[in-house]
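What follows is a single structure, and I will ask about it in a moment.
What follows draws every value from the coordinates through simple rules; no lab data is involved. The structure displayed is predicted, hence computed values, not measured ones. Positions of Cβ are generated from backbone atoms using ideal geometry, with glycine treated the same way; all protein chains shown enter the neighbour counts.
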Amino acid sequence: MATVDQIISAEEYALVPDIGHRTELVRGRIIELPPANYWHGIVCGYIARALGNWVGDRNLGRITINDSGIVTERDPDTLRGADVAYYSYDRIPKGAHPGKYPDVPPEIVIEVRSPSERWNDLRAKVSEYLAVGVSIVCVIDPDLRTAWLYFPDQPDRIVGPEGDLSFPECLPEFSVPMRNLFE
């Protein structure tokens, strides 16, 4: 089993037994994360259902949830757990089932900010996701009922409580009213 001071790879991290806490691998080291709270889970569920149903009905790809791992750096490895992610069938073909962690990034990553998360840490995750090839990173703040959308090659966008969350660059017709994520 890996120790706190030991640097391990993403592949070794996949073999670490469940320690009963949420963790991520950051520059080869396992870090513990506090458990997500109830409201965080509700918002993740709403966005995963809205996006998952829309993508599924159109046979466009897959949605992952529950901190599914995304390798954002190698040597030493960093493995982030996205709250919700969208992989099109262009990136991971229908019927393909990659190993523990896909070799390709998702098109969209959605992170729901927990009260314990600092904005600096979230911005670092956003930068990692964009650097590895994620097309859109969306950070939803349930307290402010606002979403921030980040892109590798265009200005950030903010969607307020009365706006509609959409990803026209990847899913041109998808849209969900922000208020629906906080019912």
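Enter the per residue convex hull volume of the chain, computed from alpha-carbon coordinates, in Å³ rounded to the nearest integer.
Expressed per residue, the convex hull around the Cα atoms of the chain is 118 Å³.
Can you give the angle from 0 to 90° between the axis of helix 119-132 and the longest principal axis of the chain, with both taken from C-alpha atoms, to the nearest 10?
Value to nearest ten degrees: 90.
In a GNM of the chain with a 10 Å cut-off on Cα contacts, which of ALA36, ALA147, ALA82 has the highest mean-square fluctuation?
Of the options given, ALA36 has the highest mean-square fluctuation.
Obtain the nm distance between the two label points defined at SER127 and GLU11 by a simple spin-label model: each point lies 7 Å from its Cα along the Cα-to-C-beta direction.
2.9 nm
While we're on this one: As a test of the formula, what do you get for the chain when each DSSP H run with n ≥ 4 contributes -39,500 (n - 2.57) and the sum is divided by the residue count, at 222 nm and rounded to the nearest 500 deg cm²/dmol?
Estimated from H runs of four or more residues: -6500 deg cm²/dmol.
If you don't mind, another one. Have a look at PRO93, PRO105, PRO155 and tell me which one the Gaussian network model of the chain (Cα, springs below 10 Å) gives the largest fluctuation.
Answer for the Gaussian network model of the chain: PRO155.
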